[in-house]
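The values are calculated or read from the model by the stated rules, or taken from the named source; none is laboratory data. No experiment lies behind these values; they were computed from the predicted model shown. We place every Cβ from the backbone using ideal geometry, glycine too, and count neighbours over all the protein chains shown.
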Amino acid sequence: MIRSIRSKVWLICIWVSAASQLQASQNAPVSSNINSNPYAPQNLYSQSSEAPSAAATETRENEFQQGLNALFSQDLDTYDTTFAWSTSRINSGCFEPKDWNDTARITLIDCVRNRFYVHPFENYITSDFGQRGAMWHNGVDIKLQKGDTVRAAFDGIVRVRTYDRRGYGNVVVIRHANGLETIYAHLSKTCVTSQTKVKSGDVIGLGGNTGRSTGSHLHFEMRFYGQPFDPKHIIDFENFTIKSDTLVLTKANFDYLIEQSKTKWHVIKKGETLGHIAIKYHTSIKKLCTMNKITVKTILRPGRKIIVYTAKRTDDKLTLQTKNLELGS
């Protein structure tokens with residue numbers, strides 16, 4: 001009988017122990033590392049819907065930098081997150097190239113670090129970088145259809161994923177090495193979130209016709225510390241590859257900005273005609289049409305800009321010329 005009582009007590013102890021372990025596992029906090037794939041993009045921190053305080057903002061910036069340090073521990077120096085880092089503004093800042101006399105060399109392909117180039121979408125260009133009507137086109141337009149896959153050109157971090165109703169539509173901005181950025185606009189859908197790491201070739205969105213666009217295409221830009229330059233300087237858009245492993249930029253790549261600074265613009269108001277604008281700026285209707293590549297029958301839409309004065313310049317000055325520079329190691 002004593003042996004029977006001991007057996008029952010032993011069974012009760014086992015049951016109590018098992019129940020305690022079950023309750024402890026249910027009360028244990030859930031691990032935040034949901035994504036077990038080490039190669040998948042990792043969110044560096046999530047943004048709250050409430051307006052953060054100054055202390056909270058500073059804490060988040062510190063958390064972001066710590067996450068960045070861990071994410072790019074081997075090559076953190078190549079990813080500049082101190083210059084104009086904003087997750088909401090597409091054009092968050094730019095450098096002044098007027099007095100810049102240096103040469104920038106940025107390594108784009110490095111087999112040792114597993115860095116390569118992937119063409120965003122393989123198709124022909126419908127509009128080049130440069131003067132387009134009364135406006136300056138800061139990128140190139142690549143023909144595609146709605147739903148076509150758009151990929152990241154280089155490794156980097158997504159700085160902005162937003163919708164810009166004034167022009168870009170659904171747009172993704174990626175920060176690459178040494179202040180280099182690429183912009184992908186007019187997407188029908190974006191497939192990444194801000195502050196996540198991407199590799200070249202990762203799908204970042206689907207082609208579309210959002211924003212100010214007259215047809216489905218990909219608007220693709222390359223910028224160096226906020227200033228656009230002609231992507232054809234480094235990318236061969238006919239063969240869908242890059243011309244060199246290293247991007248070399250000099251002051252000559254930004255000469256067009258000096259010419260732009262000599263240009264005066266007028267924002268068209270409701271009811272204005274070319275005659276009204278010509279009188280106001282002491283010019284002629286013919287000159288306005290020539291400078292803006294329009295005719296007297298062109299409809300003047302309120303809110304759009306029109307050139308009313310520009311310094312005398314040639315087509316050669318409007319086109320960025322690729323320099324045959326000897327690439328450094």
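Applying the criterion of being touching a helix residue (DSSP H, G or I) at 6+ places or on another chain (Cβ under 8 Å) and of a type in the set (D, E, K, R) to the residues of region 244-264, the residue that is nearest to Tyr281 (Cα to Cα) is Glu259.
Entry remark, region 243-275: residues being under 24 Å from the mean Cα position of the chain (by Cα) and assigned to a strand (DSSP E or B) number 4 in total.
If the condition is being surrounded by fewer than 20 Cβ atoms within 10 Å (Cβ to Cβ), of a type outside the set (Phe, Trp, Tyr) and touching a strand residue (DSSP E or B) at 6+ places or on another chain (Cβ under 6 Å), then region 163-176 contributes only Asp164.
Residue-by-condition table, conditions (1) closer than 30 Å to Thr310 by Cβ; (2) touching a His at 6+ places or on another chain (Cβ under 6 Å):
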{"residue": "Thr162", "(1), (2)": "no, no"}
{"residue": "Gly179", "(1), (2)": "yes, no"}
{"residue": "Ser188", "(1), (2)": "no, no"}
{"residue": "Val203", "(1), (2)": "no, no"}
{"residue": "His217", "(1), (2)": "yes, no"}
{"residue": "Arg223", "(1), (2)": "yes, no"}
{"residue": "Pro228", "(1), (2)": "yes, no"}
{"residue": "Phe240", "(1), (2)": "no, yes"}
{"residue": "Asp255", "(1), (2)": "yes, no"}
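Of the residues Arg159, Arg151, Arg165, Arg132, the single one that is under 19 Å from Cys94 (Cα atoms) and among the charged types (D, E, K, R) is Arg159.
On the given criteria, is Lys286 outside the structural domain of Phe224 (by TED's automatic domain parsing), charged (D, E, K, R) and either within 30 Å of Ala104 (Cβ to Cβ) or within 32 Å of the chain's Cα centre (by Cα) (or both)? In short, no. Annotation: of all residues in region 110-128 being among the hydrophobic types (A, V, I, L, M, F, W, C) and surrounded by 15 or more Cβ atoms within 10 Å (Cβ to Cβ), the one that is nearest to Ala185 (Cα to Cα) is Phe121. Once region 246-274 is narrowed to residues that are within 20 Å of Ile294 (Cα to Cα) and among the basic types (Lys, Arg), the residue that is modelled with the lowest pLDDT is Lys264. Just give me the residues in region 224-245 being closer than 13 Å to Asn178 by Cβ and modelled with pLDDT of 95 or more, in sequence order. Answer for region 224-245, where residues must be closer than 13 Å to Asn178 by Cβ and modelled with pLDDT of 95 or more: there is none.
Against the definition (among the polar types (S, T, N, Q), surrounded by fewer than 23 Cβ atoms within 10 Å (Cβ to Cβ) and without any contact (Cβ under 8 Å) to a residue 60 or more places away in the chain), how does Ser216 come out, yes or no? Judged against the criteria, Ser216 is not a match.
Scanning region 165-172 turns up one or more residues that are without any contact (Cβ under 8 Å) to a residue 40 or more places away in the chain and under 22 Å from Ser127 (Cβ atoms). Could you list, in sequence order, the residues of region 118-138 that are at pLDDT 95 or above and not in a strand (DSSP E or B)? Of everything in region 118-138, those that are at pLDDT 95 or above and not in a strand (DSSP E or B) turn out to be Val118, His119, Pro120, Phe121, Glu122, Asn123, Tyr124.
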